[in-house]
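A short worksheet on the structure shown next.
Nothing in this text is a laboratory measurement; each read-out follows from the coordinates by a stated rule. It should be emphasised that the depicted structure is a prediction, and the values quoted were computed from it without experimental measurement. Ideal geometry is used to build each Cβ from the backbone, glycine not excepted, and the neighbour counts take in all protein chains shown.
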Amino acid sequence: MAEKVVLAYSGGVDTSVAIKWLKEKHNLEVIAFSVDVGNEPDFPAIREKALKLGAVKAIVADAREAFVDEFVFPALKANAMYQGQYPLATALARPLMARLLVETAIKEGAKSVAHGCTGKGNDQVRFDVSVAGLAPDLKILAPARDWDMTRDETIKYAKRHAIPLPVTAESPYSIDQNLWGRSIECGVMEDPWAEPPEDAFIWVKSIADTPDKAEYAEIGFEKGIPVTLNGNKMDGIALIQKANDLAGKHGIGRIDHIEDRVVGIKSREVYEAPAALLLIQAHQALESLCLSKEQLRFKQIVSGEYSDLVYNGLWFTSFREDLAAYVESSQRFVTGAVRLKLHKGSSTVVGRKSPYSLYRHDLATYDKGDVFDQSAAVGFIHLWGLPARTQARMQGKKKKEG
Ligand code: ARG
């Protein structure tokens, strides 16, 4: 009996060709494994397609809840954005897929897992390193990395082998999407000077088509996690979906990023991430109220490191656990609400409140009710300025002379 392999199957061109390839070139029984991380199309159709192409079994796992709870919200708490621009939608889903792939391989008695990533991208790194971090002895196959075909050649191969192309394969873009965002690559956008064409965008309206009237979004957080939107309590999945719709409708969430890939290539990446941008903005606004100056400054460093490690495929490492522990601890008073005004492509924070707010009106006010003792400032400044005064006395003149 042939050995089994569990293939991460998206229903797209590469992974569909991979089913045939693994069967024919490697003589393996292919178990197609698809993961629902939100905003993906028709999973029953994807399952059927896998079976039609010769998979011995096709499994669909609804992993939306795990994705939100274990990957997206921890990243939101960290305000994770690679190079300050990309909220990491694709990057966050890969380690979860790898974990499920490994679990399925063990359950099904497969000795290897496979994915459809090419040899130029980040996703191969994330899959391979995640699998290695979870099951170091499992074999990993990456047919699209081995077959060395261009996208055109892959499509021709598919046609030759009667592999039905998804309708979207006619579109020139390579898309990966989940609840946290939509990544768009290829086509004319490979020229960094070319403006992304309007048809690349689906979630975020063009400014010309957005409402003339501004709309407010009030987001309630509990310990860093968004729990209400405009007063309605929602689970994470529903809240993110709703935030995607709301921000997208007002033209918020398009990203055009010249990105540094793990393998050393600069690439032009276009994203739609309305909910991610909105929620990170709101979360940061609440943190500015609830965290001290030192916590905020240090958190920025942690956030940069955290974003890089997620991007670089290092989710299943001790480093990630250590950073996540700091981030988690920093969130214990990040509870409250933020109000944003959405209008014509921009979202502006217009209000924030928290029962743990460090903003004290009686300290900040210039009006009646001021409890700040202004006379205490004199002594404080005397000591604060002591080093400056000392240096000026001892070296100021010599500096001029020297
Ligand atoms: N550049 C992004 C990242 O590395 C998006 C990758 C999109 N992947 C894809 N298969 N189209 O996370």
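Here are the numbers for the structure shown:
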read-out: Neighbour net charge for Ala337 - beta-carbon separation under 9 angstrom, K R +1, D E -1; value: +2
read-out: Residues listed by number, region 247-266, amide nitrogen under 20 Å from Lys344 label point at 7 Å toward C-beta; value: 247-255
read-out: Cα→Cβ-extended label distance, 7 Å offset, between Lys159 and His361, nm; value: 6.9 nm
read-out: Cross-link partners of Lys4 among lysines (Cα-Cα below 16 Å; sequence separation of 8 or more within a chain); value: Lys20, Lys23, Lys25, Lys57, Lys107, Lys111, Lys139
read-out: Estimated translational D of region 338-402 in µm²/s (Stokes, Kirkwood radius over Cα pairs; 20 °C; 1.002 mPa s); value: 128 µm²/s
read-out: Whole-number percent relative contact order across region 46-166, with pairs defined as alpha carbons under 8 Å at least 6 apart; value: 18 percent
read-out: 25 °C / 0.890 mPa s Stokes-Einstein diffusion coefficient of region 95-237, Kirkwood radius on C-alpha pairs, µm²/s; value: 127 µm²/s
read-out: Kirkwood Rh and Cα Rg combined as Rg/Rh, region 83-171; value: 1.03
read-out: Extended-chain gain in nm, criterion 0.36 nm per residue less alpha-carbon gap, Asn230 and Glu190; value: 10.5 nm
read-out: All-pairs Cα distance distribution in region 248-402, expressed in whole percent, bin size 5 Å; value: 2, 7, 10, 11, 13, 14, 12, 9, 7, 8, 6, 2, 0, 0
read-out: Angle between the chain longest axis and helix 151-160 axis [Cα atoms, degrees, rounded to 10]; value: 30 degrees
read-out: Spin-label proximity, Gln83 to region 247-284 - amide N less than 11 Å from point 7 Å beyond Cα toward beta carbon; value: 256-262, 264-270
read-out: Degrees, to the nearest 10: 236-249 long Cα axis against longest axis of the chain; value: 80 degrees
read-out: Region 1-155: radius of gyration and largest Cα-Cα distance (Dmax), Å; value: 15.3, 50
read-out: Rg/Rg_ref, region 74-120, where Rg_ref = 2.2 N^0.38 Å and atoms are Cα; value: 1.51
read-out: Cα long-axis angle, helix 274-290 against the chain (0 to 90 degrees, to the nearest 10); value: 30 degrees
read-out: Linear extension gain, Asn27 paired with Asp322, 0.36 nm per residue minus alpha-carbon span; value: 102.0 nm
read-out: Tail beyond 13 Å, pair distance distribution of region 1-71 (Cα, percent); value: 62 percent
read-out: Cα-derived Rg to Rh of region 208-264, Kirkwood definition; value: 1.12
read-out: Gain upon complete extension [Lys353, Ala45; 0.36 nm per residue less C-alpha separation]; value: 106.3 nm
read-out: Order by protection proxy (mean Cβ within 10 Å, highest first), peptides 134-146, 216-228; value: 216-228, 134-146
read-out: Within straight-line cross-link reach of Lys52, aspartates and glutamates at Cα separation under 16 Å, skipping those fewer than 8 residues along the same chain; value: Asp14, Glu24, Glu29, Asp42
read-out: For region 172-298, alpha-carbon Rg over 2.2 N^0.38 Å; value: 1.20
read-out: Globularity ratio of region 301-378, using Cα Rg and 2.2 N^0.38 Å; value: 1.68
read-out: Listed peptides 323-329, 148-154 by packing density, highest first (mean Cβ within 10 Å); value: 323-329, 148-154
read-out: Radius of gyration, Dmax [the chain; alpha carbons; angstrom]; value: 25.5, 90
read-out: Per-residue [θ]222 nm for the chain (sum of -39500 (n - 2.57) over DSSP H runs n ≥ 4, rounded to 500); value: -13000 deg cm²/dmol
